[in-house]
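Peer 1: Handing you a structure now.
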Amino acid sequence: MQPSSNADQRGGESEAEKVAGLLPQPNPWILQLHFTSYRELCPIQDLLPRDLPLVRLDANENGLGPSPLALEAIRRAAEESHRYPDIAGEGLRALIASELGASPEQIVLGNGSTELLELLFHVYVRSRQEEVVVPRYSFPLYEILAQRFGCRLRLAPDRNFSVDLESLRRAITPRTRLVFLANPNNPTGTRVDNAALLDFAKSLPPRVLLALDEAYADFLEHPPDLVAAIRDGAPIVALRTFSKLHSLASLRIGYALAPREIARAIQKASLPTNTNGLAHEAATAALRDGPHQKQSKENVRVGRLRLERGFEELGLDWLPSSANFVMVRIPQAEEVWKALVRRGVLVRSLEGWGLPGWLRVTVGSPEELLQFFGGLPAAIREALPRQRVLV
């Protein structure tokens with residue numbers, strides 16, 4: 001008697017299922033990835049009103065828009081779109097290095113700082129037995145990347161929604177390769193003291209690298225001097241972006257500042273021309289537009305105060321923030337979020353980030369914040385009909 005074939009054993013399957021069963025199977029940990037913690041938790045398209053313009057306060061974008069100099073640079077660069085970009089963005093890297101007081105060899109460009117996060121896994125995580133350490137409440141992409149690379153993620157408890165450096169230190173084991181720390185932190189907006197941060201970095205074991213995500217560091221009045229710390233041997237890779245202060249989120253351009261040896265390794269792991277020419281020219285122009293940067297910072301400062309005062313007037317708890325957003329606690333936050341979406345106001349629900357009962361609201365333009373606060377009391381009443389809302 002001849003043994004039955006795999007196809008015969010799957011006699012009840014459709015033709016498509018039979019074909020799929022013969023294809024190479026993906027790594028199992030890839031199939032287990034969950035992206036809902038980074039994207040919307042429910043089908044937001046089903047909630048969006050079709051007759052209202054959207055107020056986007058969910059992605060920490062800069063409502064001021066790009067620098068006029070950057071827009072002009074994009075228009076000029078578009079005429080050369082048939083050409084490949086400057087390999088490794090040497091011109092932009094040299095300008096960034098000059099601005100920071102570092103060497104161009106310490107700068108690596110990325111397709112947004114998110115690509116650079118992924119490159120760190122390529123360079124430093126050697127096997128699934130190795131680990132990365134992440135604060136409890138932080139950017140979900142760190143966890144998603146750990147899952148993508150099939151390595152273990154160790155969560156370090158926080159302290160009152162702030163990164164606890166001692167907790168991070170205790171979470172490090174002989175298998176730890178990377179420690180991720182966002183400063184200011186997303187989604188809480190809290191920051192780490194400069195001296196404590198640099199002491200922590202210098203105290204790390206020789207095999208461990210601190211990946212310091214500084215997506216919002218441009219909004220700090222007194223940022224840590226990482227160039228000097230790296231020069232003194234601190235094992236730090238600082239990841240920065242042009243998406244926030246410079247308002248170039250759509251162009252996906254960021255950079256890493258690192259010791260030369262580490263920067264060289266990250267550069268080797270990146271693909272040729274991983275960043276585009278329009279982004280190079282726009283970022284170059286944005287760096288040279290001091291007035292636009294100043295206006296962006298002032299808008300964030302004023303808008304943050306507007307959010308804090310508005311939450312206080314409504315009797316809501318919120319966290320002091322050093323970034324361009326504020327995290328606020330609201331009863332039945334998920335229902336309030338949905339009610340706001342139906343009104344065309346998008347903020348970030350944090351339930352999938354492990355923070356049920358909290359929303360994160362971006363500092364938008366004065367008009368956007370007016371619409372947000374105009375709809376928030378009604379959204380709360382809709383979610384909690386008996387809740388007393390102070391107005």
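Read the figures in this text as sums done on the coordinates, not as results from a lab. Just so we're clear, the structure is a prediction, and the values are computed from it rather than from any experiment. Neighbour counts are summed over all protein chains in view; Cβ atoms, including those assigned to glycine, are modelled from backbone coordinates with ideal geometry.
Peer 1: Tell me, what HN-Hα J-couplings in whole Hz come from the Karplus equation 6.51 cos²θ - 1.76 cosθ + 1.60 at θ = phi - 60° for each residue of region 323-338, using x for Gly and Pro?
Peer 2: 10, 9, 7, 9, 9, 10, 8, 9, x, 6, 4, 5, 6, 5, 4, 5
Peer 1: Using only helices, what value at 222 nm comes out for the chain when you add -39,500 (n - 2.57) per DSSP H run of length 4 or more and divide by the total residues, to the nearest 500 deg cm²/dmol?
Peer 2: Working: 15 runs with 153 residues, N = 391.
Result for the chain, helices only: -11500 deg cm²/dmol.
Peer 1: Could you state, as a whole-number percent, how many of the C-alpha pairs of region 28-187 are farther apart than 24 Å?
Peer 2: Working: 7044 of 12720 pairs.
Roughly 55 percent, rounded to a whole number.
Peer 1: Considering every Cα-Cα pair within region 145-263, what fraction, in whole percent, is farther apart than 19 Å? Intermediate values should be presented prior to the final figure.
Peer 2: Numbers: 3457 of 7021 pairs.
It works out to 49 percent of all Cα pairs.
Peer 1: With +1 assigned to the C-beta of every Lys and Arg and -1 to the C-beta of every Asp and Glu, and no other charges, what is the dipole magnitude of the chain about the Cα centre in debye, to the nearest 20? Don't skip to the answer; put the middle values down first.
Peer 2: Details: 46 positive and 46 negative charges, 117 e Å.
Taking the Cα centre of the chain as origin, the dipole is about 560 debye.
Peer 1: Among L153, I380, Q267, which residue has its Cα positioned farthest towards the positive end of the charge dipole of the chain, with +1 placed on the Cβ of Lys and Arg, -1 on the Cβ of Asp and Glu, and the dipole taken about the Cα centre?
Peer 2: Of the options given, the answer is L153.
Peer 1: At I87 and L384, where each label point lies 7 Å from the Cα along Cα→Cβ, what is the point-to-point distance in nanometres?
Peer 2: So the label points at I87 and L384 sit 6.0 nm apart.
Peer 1: Using the Karplus equation 6.51 cos²θ - 1.76 cosθ + 1.60 (θ = phi - 60°), what ³J(HN,Hα) coupling, rounded to whole Hz, does each residue of region 164-177 give in order, writing x for Gly and Pro?
Peer 2: 9, 5, 5, 5, 4, 4, 5, 6, 6, 10, x, 8, 6, 10
Peer 1: If you don't mind, another one. With unit charges on the beta carbon (Lys/Arg positive, Asp/Glu negative), name the residue among P53, A102, Y84 whose Cα is farthest towards the positive pole of the charge dipole of region 51-159.
Peer 2: Checked the options; the winner is A102.
Peer 1: Mind putting a number on the dipole of region 196-270 about its Cα centre? Charges go on the C-beta only, +1 for Lys and Arg and -1 for Asp and Glu, and I need it in Debye to the nearest 20.
Peer 2: Working: 9 positive and 8 negative charges, 86 e Å.
Its charge dipole is roughly 420 debye.
Peer 1: Using modelled amide H (1.01 Å from N, peptide plane; none on Pro or chain starts), what sits under 5 Å from the amide H of R136, excluding residues fewer than 5 places away?
Peer 2: A156, D158
Peer 1: Could you rank the peptides 84-94, 325-335 by their average count of other C-beta atoms within 10 Å per residue, with the highest value first?
Peer 2: Peptide ranking by packing, descending: 325-335, 84-94.
Peer 1: Under a 10 Å cutoff between Cα atoms, tell me which one of P53, P66, P377 has the largest fluctuation in the Gaussian network model of the chain.
Peer 2: P53
Peer 1: Sticking with this one: What FRET efficiency do you get for I30 and A59 if R0 is 25 Å and r is their Cβ-Cβ distance, rounded to the nearest 0.05?
Peer 2: Calculated transfer efficiency: 0.45.
Peer 1: Okay, next question. In a GNM of the chain with a 10 Å cut-off on Cα contacts, which of K268, K18, K338 has the highest mean-square fluctuation?
Peer 2: Comparing K268, K18, K338 in the GNM, the peak value goes to K18.
Peer 1: With a ≥ b ≥ c the root eigenvalues of the C-alpha gyration tensor of the chain, is it rounded (a/c under 1.5), prolate (a/b larger than b/c) or oblate?
Peer 2: Values: a/c = 1.36, a/b = 1.05, b/c = 1.29.
Cα axes put the chain in the rounded bin.
Peer 1: I need the shape label for region 197-283. Rule: rounded when a/c is under 1.5, else prolate if a/b > b/c, else oblate, with a, b, c from the alpha carbon gyration tensor.
Peer 2: Working: a/c = 2.75, a/b = 1.40, b/c = 1.96.
Here region 197-283 falls in the oblate category.
Peer 1: Let me ask something else about it. Compute the FRET efficiency between R152 and A78 as 1/(1 + (r/R0)^6), taking r as their Cβ-Cβ distance and R0 = 45 Å, and round to the nearest 0.05.
Peer 2: Working: r = 45 Å, r/R0 = 1.00.
The pair R152/A78 has a calculated efficiency of 0.50.
Peer 1: So what are the ³J(HN,Hα) numbers for region 78-85, from phi and the Karplus equation (6.51, -1.76, 1.60; θ = phi - 60°), rounded to whole Hz, Gly and Pro as x?
Peer 2: 4, 5, 10, 5, 7, 9, 6, x
Peer 1: Taking amide H atoms as placed 1.01 Å from N in the peptide plane, list the residues 5 or more away in sequence, or in a different chain, whose amide H sits under 5 Å from that of E130.
Peer 2: R152
Peer 1: Further question: For labels at Q293 and S14 in the simple 7 Å Cα→Cβ model, what's the distance in nm?
Peer 2: So the two model labels end up 5.6 nm from each other.
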